[in-house]
Amino acid sequence: MGQAGKLMKDILGWWFRRPLKTLLARLASVDPKAYPSHVERILVVREGGFGDIILLFPILRALRASVGPDVTIDVLVREPVAGLLADNTLIDRLYSKGANLRRTVGTIRAMRQRRYQVVIDLVSSPSLSFALWILAAAPGAHRVGGDKAELRRMYHQHVDLPPRPSIHFMERLRRIASFAIGDAPVHDQIPWFNWPESVRRQAGSVWQSLVPTPQMPDHPPRQAVVLVNLSAGQPQRTWPVESYRRLLTLLIAKYSDRVYRWILTSVPEDRPKAASLAAALDRPEVVLLPPQSDFRVIIELTGRVDLVFTPDTSLLHAASAYGVPVVAFFVAEKVISWAPWKIPSAVVPAPEGLPVSAISVAQMEAAFDRIMPQLNAKPHSLRTQSTAAHTNP
């Protein structure tokens, strides 16, 4: 679909959806009231992609810590990202919202049987489809939401939030969930994740194939490993492959005594670009991450490197989840909302209104130069061991 077609679709969507949202809010209108004093079953609803779900993990952990082990916490997300929450010990049941009508009816029926007392709606925009799911799946529940001026009347408690670009998205989620989690911290425990042992074991196997145990004296054990992500999901966030080639050529030479491995990764559609970049660089320090069927393995690998170089995408948030420093480029209007969260970082925004392709190689080289003095490469023994010892309780 061309830009004109997309614009027309957006206009028509706005034209029809806005009145529908207003009507729905009126039909489902409820009076404001306080959060229930006794809750046994909670449904958390979260829309978005992989990065959005990564930012959900600290909220779930804070919620579980707040309500205790005996309260049921179920989660509803979109189908493509549900795998990130599979086998998660923080939640009791996972539901996925797909496009199949028959499955939708069955899922909503199963959710209604749970008789939720509270729904915490962390959908970050006035989503008509998720609003309908909430009303159908938990008709009698106490509803908490935010960021939804058009739908606010369907919530018993609604958080008025500042405009999108003004605060980080993690803070938006925390404020919406604050009715349930109180003042519980949502980001002070690293890592955020609690992957099953099978995921950590698979990541360890992949890691050993990419970063074999260094042998003295050729590769001192405290040299760094850098993960380089080429994929951004949207054209305006994508940096040219030729710019990657020029930058990495400079950095490999400049930091030959400090970086042991440069690991290239991408989504499957960009795999040819990553392979061509590795071939063009033609250096033993540069390796290509093999395709992984489970995205949790790639996220776990992010926690083992010393630095992540990425556009504004899910791996940036994965680095935040592990406390791994980041060098990143952004479109200007996204920096405040989606920047690395409380980790050492060097963020380079594109000029206002321009895509990240407008960022120069020299700017990114300077960003690396700023972050490298803060880098303390992990000993090899810490990189290769499972993160099980640091897993959230």
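The values are calculated or read from the model by the stated rules, or taken from the named source; none is laboratory data. All of these numbers come straight from a predicted model, not from anything done at the bench. Note that each Cβ is placed from the backbone with ideal geometry, even for glycine, and that neighbours are counted across all protein chains shown.
Looking at the range 73-84, is at least one residue crowded, with 20+ Cβ neighbours inside 10 Å and either in a helix (DSSP H, G or I) or in contact with a Cys (Cβ under 6 Å, 6 or more places away or on another chain) (or both)?
The answer is yes; a qualifying residue exists.
For residues that are surrounded by 20 or more Cβ atoms within 10 Å (Cβ to Cβ) and outside any strand (DSSP E or B), tally how many sit in the range 109-125.
5
Quick check on my filter: what residues within the range 221-246 are over 26 Å from the mean Cα position of the chain (by Cα) and closer than 25 Å to V206 by Cβ?
Taking the range 221-246 first, the residues over 26 Å from the mean Cα position of the chain (by Cα) are 221-223, 242, 245-246.
Correct list: P221, R222, Q223, R245.
Looking only at the range 183-212, which residues are at pLDDT 85 or above and over 24 Å from D87 (Cβ atoms)?
Selection gives S209, L210, V211.
With the requirement that a residue be in contact with a strand residue (DSSP E or B) (Cβ under 7 Å, 6 or more places away or on another chain) and closer than 17 Å to Q157 by Cβ, what does the range 113-129 give you?
Selection gives Y116, Q117, V118, V119, I120, D121, L122, V123.
Any idea which residue in the range 271-301 is modelled with the lowest pLDDT, counting only those that are within 28 Å of I54 (Cα to Cα) and out of contact with any helix residue (DSSP H, G or I) (no Cβ under 9 Å at 6 or more places or on another chain)?
Filtering the range 271-301 for residues that are within 28 Å of I54 (Cα to Cα) and out of contact with any helix residue (DSSP H, G or I) (no Cβ under 9 Å at 6 or more places or on another chain), the one modelled with the lowest pLDDT comes out as S293.
Could you tell me whether A275 is in the same structural domain as R201 (by TED's automatic domain parsing) and either without any contact (Cβ under 8 Å) to a residue 60 or more places away in the chain or in contact with an Asp or Glu (Cβ under 6 Å, 6 or more places away or on another chain) (or both)?
yes
Is there a residue being in contact with a His (Cβ under 7 Å, 6 or more places away or on another chain) and assigned by TED's automatic domain parsing to the domain that holds R201 anywhere in the range 279-289?
no
Might you check whether a residue that is of a type in the set (A, V, I, L, M, F, W, C), more than 23 Å from the chain's Cα centre (by Cα) and either buried (at least 20 other Cβ atoms within 10 Å of the Cβ) or over 30 Å from S166 (Cβ atoms) (or both) occurs anywhere in the range 98-105? Working first, answer last.
Filtering the range 98-105 for residues of a type in the set (A, V, I, L, M, F, W, C) gives 99, 101, 105.
Subset that is more than 23 Å from the chain's Cα centre (by Cα): 101, 105.
Now drop any that are not either buried (at least 20 other Cβ atoms within 10 Å of the Cβ) or over 30 Å from S166 (Cβ atoms) (or both), which leaves 101, 105.
The answer is yes, given that some residue of the range 98-105 is of a type in the set (A, V, I, L, M, F, W, C), more than 23 Å from the chain's Cα centre (by Cα) and either buried (at least 20 other Cβ atoms within 10 Å of the Cβ) or over 30 Å from S166 (Cβ atoms) (or both).
Could you tell me how many of the residues in the range 274-302 are hydrophobic (A, V, I, L, M, F, W, C), under 18 Å from A232 (Cβ atoms) and loosely packed, with under 15 Cβ neighbours inside 10 Å?
Residues in the range 274-302 being hydrophobic (A, V, I, L, M, F, W, C), under 18 Å from A232 (Cβ atoms) and loosely packed, with under 15 Cβ neighbours inside 10 Å: 1 in total.
Output the residues belonging to the range 153-207 that are of a type in the set (A, V, I, L, M, F, W, C), buried (at least 21 other Cβ atoms within 10 Å of the Cβ) and not in a helix (DSSP H, G or I).
Residues satisfying the conditions are V186, W192, F193, W195.
Could you go through the range 363-382 and let me know if any residue there is among the aromatic types (F, W, Y), closer than 23 Å to S231 by Cβ, assigned by TED's automatic domain parsing to the domain that holds R271 and modelled with pLDDT of 95 or more.
Within the range 363-382 (the criterion being among the aromatic types (F, W, Y), closer than 23 Å to S231 by Cβ, assigned by TED's automatic domain parsing to the domain that holds R271 and modelled with pLDDT of 95 or more), the answer is yes, since at least one residue qualifies.
Is it the case that the range 131-140 has a residue that's on the phi > 0 side of the Ramachandran plot and in a loop (DSSP other than H, G, I, E, B)?
Checking the range 131-140: not a single residue is on the phi > 0 side of the Ramachandran plot and in a loop (DSSP other than H, G, I, E, B).
Which condition does D312 not pass, out of (1) of a type in the set (D, E, K, R); (2) surrounded by fewer than 18 Cβ atoms within 10 Å (Cβ to Cβ); (3) in contact (Cβ under 8 Å) with a residue 40 or more places away in the chain, if it passes all the others?
The one condition D312 does not meet is (2).
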